[in-house]
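The values are calculated or read from the model by the stated rules, or taken from the named source; none is laboratory data. For clarity, every value in this text was computed on a predicted model and none was experimentally measured. Backbone-built Cβ (ideal geometry, glycine too); neighbour counts: all protein chains shown. When the accessible area is computed, the model is the full protein with side chains, heavy atoms only, and any ligands, DNA or RNA have been set aside. Shrake-Rupley method; radii C 1.70, N 1.55, O 1.52, S 1.80 Å.
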Amino acid sequence: MTSALSRHHFAIEALADYDQTLLLGRKYSTGRECFPFIVTTGDFLRKIEEPGFDPDKAAFFMPLASGPCRFGQYSHIHRVFLDRLGHKQVAVISPTSANSYADIGGASLKLRIRAWQALVATDILQKLLHETRPYEVNQGDTDRVYKKALAKLTEAVEKGKNLVRLMKQIAEEFKQIKIDRRERKPIIGIVGEIFMRNNRFSNDNVIRRVEALGGEAWLAPISEWIYYTTQRYKEDSAAERKYRDLLKAILQEKVQRYYEHRLEKPVKKLLLNNEEPRTTEVLQYSAPYMHFSFGGEAILTIGKAVDYIRKGASGIINVMPFSCMPGTVVAIVSKRFREDFNGIPWLNASYDGQEDASMLVRLEAFMHQARQYRDKRRFG
Ligand code: SF4
């Protein structure tokens, strides 16, 4: 399957239409599963029900991760659903975090490099969006430029165009947006579970809500997770004396850094949050709160929160699915964390797809505290 993937061209579609899919996902789950599982199951089912869906030409992508939570089960249960629905021929492609997703695209190094560049470029675009939009003079300018840039990026990835050159163009387009940044708004770091923090339907548009309440939201990048899996691949290979794998992991990290550096360079001056810490740094930041062997998203959430505070954040939102295991661990640790950072405002925001009016009230109170924290920081 994987070698076939590397030899042919495939039409790939991102499934993300929350409004319709949540109901479908709920129909096929007991309600006790993790929220991202329910949403992604609904996405798969909606695709299957679409007119023209051809099971002989379809495959779903659901990666695997080992670690202290339920994510490793998703693709197995999706397999069971597909079988029960009579779609045994539909593959579930599940590269694993254990080798930092080395199986993506089979032997195609080119595809992996392309995918990495696309991912980093998307993270950068999001940074440009989130650091510009709160200051735009003409409402809607930033969204317009962002959407255009994203469309260009998608096309460039599909056609194999030079992404560094494109980032230079995109930087120029963002520079043209009229902004008023005489006063920097309170910066809020959005950390937490990777699916929820990135899926605006699932997190009730938390970034827009922060902006509407007078803040600037910084979203932890997706590349953070890939770097982390590379780091773990390196450490695990060394521990198990698998030197070939160790070498692969070292080279992989070098290649990742190389492309990240090249893609970041054209936009660096436009961003305050313009450099990602190394995974080892993030792990050091989280070490006082969690042993590194705990692994996974909890450790990154804490480490990233420290990074954001060092860069000037005045508040942290830990976005998590309701009853998320790593998210709950972070919520417990957050009390001590706040004490160590002069009582920095911290909101543990858990979502389950239901409307929650109390969350808005909590968010308003949180933003008020963040403004006070920012002022205290500024004026001592
Ligand atoms: S990170 Fe949380 S929501 Fe995601 S699979 Fe693990 S326990 Fe579930």
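Worth a mention:
- Anchor residue 110: aspartates and glutamates whose Cα lies under 14 Å away (excluding residues fewer than 8 positions away in-chain): 158
- On Cα atoms only, tilt of 296-310 relative to the major axis of the chain in degrees: 30 degrees
- Legend: calculated FRET efficiency, residue 61 to residue 278, from the Cβ-Cβ distance at R0 = 35 Å, rounded to 0.05, equals 0.80.
- Rounded tilt (10° steps) of 357-379 against the dominant C-alpha axis of the chain: 50 degrees
- Region 231-295 shape via C-alpha gyration tensor axes, a/c threshold 1.5: oblate
- Between residue 76 and residue 368, the distance separating the two model label sites (each 7 Å from Cα on the Cα→Cβ line) works out to 4.8 nm.
- Based on DSSP H segments of at least four residues, each scored -39500 (n - 2.57), the chain has a per-residue ellipticity at 222 nm of -18000 deg cm²/dmol.
- Where both bridge residues fall in the chain, DSSP classifies roughly 5% of the beta bridges as antiparallel.
- Förster radius 41 Å - calculated FRET efficiency between residue 293 and residue 165 (Cβ-Cβ, nearest 0.05): 0.45
- Scattering curve values for the chain, log₁₀ I(q)/I(0), Debye with Cα scatterers, q = 0.11 Å⁻¹: -0.84
- Restraint check, 127/268; 47/161; 152/254; 265/304, Cα-Cα greater than 19 Å: 47/161; 152/254; 265/304
- The peptide list 317-326, 246-255, put in order of mean Cβ contacts within 10 Å with the highest first, becomes 317-326, 246-255.
- Magnitude of the charge dipole, the chain, Cβ model with Lys/Arg +1 and Asp/Glu -1, debye to 20: 1100 debye
- Heavy-atom surface analysis with a 1.4 Å probe gives the chain a carbon and sulfur content of 54 percent of its accessible area.
- Rounded tilt (10° steps) of 163-175 against the dominant C-alpha axis of the chain: 30 degrees
- For region 7-152: rounded, prolate or oblate by the Cα gyration tensor [a/c cutoff 1.5]: prolate
- In terms of packing, defined here as the mean over residues of other Cβ atoms within 10 angstrom, the peptides 48-54, 213-219 line up highest first as 213-219, 48-54.
- 5 angstrom amide H check on residue 93, placed H, neighbours 5+ away: 60, 61, 62
- Accessible surface, 1.4 Å probe, highest first, among residues 61, 201: 61, 201
- Whether region 286-380 is rounded, prolate or oblate, judged on the alpha carbon gyration tensor where a/c under 1.5 counts as rounded: oblate
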